[in-house]
Amino acid sequence: MDKFDEKVIGYESTKEILRQILDILKRPEVYKRKGISIPRGLLMESDPGLGKSLLASILMEESERKPFVFRKTSQENSFLDELRAVFAMAKEDAPSILLLEDLNLYVESTSPYAPEWACLQACIDDAKDTDLFVIATTNDTRYLTVNALLCRRDAAIAIDVHCAPFWLKDNERHF
């Protein structure tokens, strides 16, 4: 029995996907030799209270990477500065893992051009060549931009509906 089973009842397919991601994060050289790209992130979606944060915290703990957690606590420019700062710290301390909690609360606008989305996408793009794994949680994807929805990540898990991960092999997407 692992930590996922110790702390979470149910969600067997979700836990299996997280175990696979965890194995890749812990043994990247094995997967690189097989031509599989190391995942850079994960988007977890569900209604509030269904366990996204718990599952993400277990993944973070078990990954043995330096953990960082970011939640929106301020408004306007200080939020953008804080977001940039946490990405900079996580990149500097790589291999690391960054949890972006409640992504749906980052932007009050439904505009895909909101500065918060642009900042998030720039931070993710800037970290693409580092050993930083990003987990984003959200309660609602209706107003997220396509790039924010995917968070330019490698897998998505809808906890209350289904699991829909995809892996990269030889730079191709396999759904």
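Details
- Count of segment 96-117 residues, restricted to those that are under 30 Å from P28 (Cα atoms), in contact (Cβ under 8 Å) with a residue 40 or more places away in the chain and either charged (D, E, K, R) or open to solvent by 10 Å² or more (accessible area, probe 1.4 Å) (or both), is 1.
- Count of residues meeting criterion [surrounded by fewer than 19 Cβ atoms within 10 Å (Cβ to Cβ) and among the polar types (S, T, N, Q)] in segment 13-46: 3
- Qualifying positions in segment 122-157 - at pLDDT 85 or above, in a helix (DSSP H, G or I) and open to solvent by less than 10 Å² (accessible area, probe 1.4 Å): I124
- Segment 47-74, subset over 14 Å from the mean Cα position of the chain (by Cα) and of a type in the set (G, A, S), residue modelled with the lowest pLDDT: S74
- Verdict on K3 being touching a residue at least 40 places away in the same chain (Cβ under 8 Å), open to solvent by 50 Å² or more (accessible area, probe 1.4 Å) and touching a Leu at 6+ places or on another chain (Cβ under 7 Å): no
- Answer from G10, G49 - the residue that is among the small types (G, A, S), out of contact with any helix residue (DSSP H, G or I) (no Cβ under 7 Å at 6 or more places or on another chain), in a loop (DSSP other than H, G, I, E, B) and open to solvent by less than 40 Å² (accessible area, probe 1.4 Å): G10
- Taking the criterion of being under 18 Å from T138 (Cα atoms) and out of contact with any Leu (no Cβ under 6 Å at 6 or more places or on another chain), the residues of segment 61-73 that qualify are R71, T73.
- Some residue of segment 53-75 being of a type in the set (S, T, N, Q), in contact (Cβ under 8 Å) with a residue 24 or more places away in the chain and outside any helix (DSSP H, G or I): no
The values are calculated or read from the model by the stated rules, or taken from the named source; none is laboratory data. Because the structure is a prediction, the values reported are computed rather than measured. All Cβ positions, glycine included, derive from the backbone under ideal geometry; neighbour counts span all protein chains shown. Keep in mind that these areas ignore ligands, DNA and RNA; they rest on the heavy atoms of the full protein, side chains included. Shrake-Rupley method; radii C 1.70, N 1.55, O 1.52, S 1.80 Å.
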